[in-house]
């Protein structure tokens, strides 16, 4: 199979999530993967914060526009989008943040009317992979999930104390997770996550074993067009992988395929999976977008962001090239030197055109 090539596409692709740093967003590696595939069209960066560091990387995004937060709703989103379209044509959007994807899914018709294409799951698929629904949907399909409790109040933790084996994981419904060593810590993290992300809060048992992450593009019919599994080698105090290696594990790949078949997932996603000490695979989370380590997929021979652009444009892909096990990534932090005027353009005008 040949390497994907985008050099024939004379289009504009918009990508969101340009923050790098200790909790990086996927936009920068997605754009770099597109450029690696020979894409010579225009890249538009969509940002929510003027301090997203990818704004200031020369040669990354040709134009950058600040967007209203998804919580402001569809009207403000479409108003801002129409302004951007008055400045530049956009053909494909790759959203990379969990919080914005439901809006893009619900506005698919409005985007199509504006000539903008995406390759995303349906709203039903998106909702089924929600952290609060994993334990209901997957076990009947033969996919194991760690014991999970949905918490509506901190008192629920106390009521469940006889069923708990500490430590446990306390998760926000959208982002963040903490290991709680005891009842006091569990309640503390409950209140912190409730204040940020609302209810319910998820409490999950910890499965001792090996942790794997798998980046996948599904075709929407139950098949994986591409799949690259990695094992984390370097993990930050926030649980983010800053180094990993591509692994070949037929059991893991079979399990991940089973998850995608159950959902008939369409578009990019990341599976977080634990292989227990007795060899059982457990599904921990499904993130409905590319992970920040997606360039490892490209580096191992499988350029999934490039495939997503082709699929959004209606091209037919049956499968991506096989990945190369042993491919390693280590994240490298560097200082970006820029001019304060660029920050002013984004902060005051909400846009930057190079």
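Here region 1-77 was treated as a single set of alpha-carbon atoms; its pair distances binned every 10 Å from 0 give 19, 45, 27, 8, 1 percent. Taking a ≥ b ≥ c as the square roots of the eigenvalues of the Cα gyration tensor of region 192-343, is the shape rounded (a/c under 1.5), prolate (a/b larger than b/c) or oblate? Rounded, because the longest to shortest axis ratio a/c is under 1.5. Remark: the residue 353-residue 82 segment gains 95.9 nm on full extension, using 0.36 nm per residue and subtracting the alpha carbon distance.
Were the residues from residue 324 through residue 98 laid out at 0.36 nm apart, the gain over their Cα-Cα distance would be 78.5 nm. Taking a cut-off of 28 Å, what percent of all Cα-Cα pairs in region 125-258 are separated by more than that? Beyond 28 Å sits 24 percent of the P(r) for region 125-258.
Note that the chain, at 20 °C in a medium of 1.002 mPa s, gets a Stokes-Einstein diffusion coefficient of 101 µm²/s from its Kirkwood radius over C-alpha pairs.
The mean of 1/r over all distinct Cα pairs in region 102-177, once inverted, gives the Kirkwood hydrodynamic radius of 15.4 Å. Its alpha carbons give region 147-205 an Rg and a Dmax of 9.8, 28 Å.
Between residue 124 and residue 35, full extension at 0.36 nm per residue minus the direct alpha carbon distance yields a gain of 28.8 nm.
Every number in this text was worked out from the coordinates using simple rules, so none of it is lab data. Treat the numbers as computed from the prediction; the structure is a model and nothing was measured.
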